[in-house]
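Take a look at the structure set out below.
Derivation of every value follows stated rules applied to the coordinates shown; laboratory data play no part. None of the values given here were measured: they were computed from a predicted structure. Cβ: placed from backbone, ideal geometry, glycine included. Neighbour counts: every protein chain shown.
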């Protein structure tokens with residue numbers, strides 16, 4: 001029996017074990033859940049060693065052990081030792097007396113990730129805010145272009161949606177005035193439509209994963225079982 005067939009049979013067994021959670025949480029599901037986490041962790045360690053530690057740190061020095069260690073590295077690679085030594089302070093979390101050193105790494109990591117998230121927020125939403133300033137009457141491109149009816153209707157719908165949703169979130173005054181109450185209610189319905197579209201796309205993505213696994217189970221896994229029965 002080839003390794004491909006063994007991999008297909010093991011994959012089908014993993015699929016059945018994970019989907020057994022639909023019946024109820026059971027020891028088989030928990031075992032394969034922990035197995036998946038262990039495999040993913042091991043894969044991450046191997047990738048870190050093969051793609052970072054070995055080519056950047058170990059390989060330049062290991063190729064020629066007669067030279068001093070610093071001569072086997074480029075000066076740029078030597079800079080990686082600084083964050084590496086700093087990051088190793090995380091292991092002090094295992095010490096009760098020196099656990100505060102690990103808190104420094106945690107604080108730096110949270111600050112770094114928070115800054116990246118802050119920058120990503122502006123990179124994503126600032127262009128959206130700029131794009132919200134659209135002309136209600138859109139003209140066709142080119143000299144002497146007439147009115148672009150489709151784009152005009154899209155801009156008007158966009159402006160109405162934007163104003164109604166913003167009205168819904170104005171809590172400084174009551175929404176019982178004429179016009180404000182209807183705009184607030186319309187903004188709530190428009191948000192529900194948007195959330196429904198997002199939820200629908202999420203469900204479709206999950207269904208795509210389910211269909212892929214069902215195709216695997218009904219085609220590849222069945223052929224693997226047939227090959228096992230025939231003794232191939």
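Compared with the direct C-alpha span, the chain from residue 226 to residue 5 gains 78.5 nm at full extension, assuming 0.36 nm per residue. Could you calculate the FRET efficiency of residue 188 with residue 41 from 1/(1 + (r/R0)^6), where r is the beta carbon distance between them and R0 is 45 Å, rounded to 0.05? Efficiency computed from Cβ-Cβ geometry: 0.50. For the pair residue 212 and residue 33, label points projected 7 Å from Cα toward Cβ lie 2.2 nm apart. Placing a label point 7 Å from the Cα of residue 56 along the Cα-to-Cβ direction, the residues of the range 78-98 with a backbone N closer than 14 Å are 78-88. Per residue of the chain, the DSSP helices (runs of n ≥ 4 H) give a summed -39500 (n - 2.57) that works out to -22000 deg cm²/dmol at 222 nm.
Distance between the modelled labels on residue 18 and residue 130, one decimal in nanometres: 4.1 nm (7 Å Cα→Cβ projection).
Extension gain, residue 122 to residue 195, is 24.1 nm, computed as 0.36 nm per intervening residue step minus the present C-alpha separation. Extension gain, residue 26-residue 156: 0.36 nm per intervening residue step, less the Cα-Cα distance, totals 41.4 nm.
Our Cα-only numbers for the chain put the radius of gyration and Dmax at 29.3, 86 Å.
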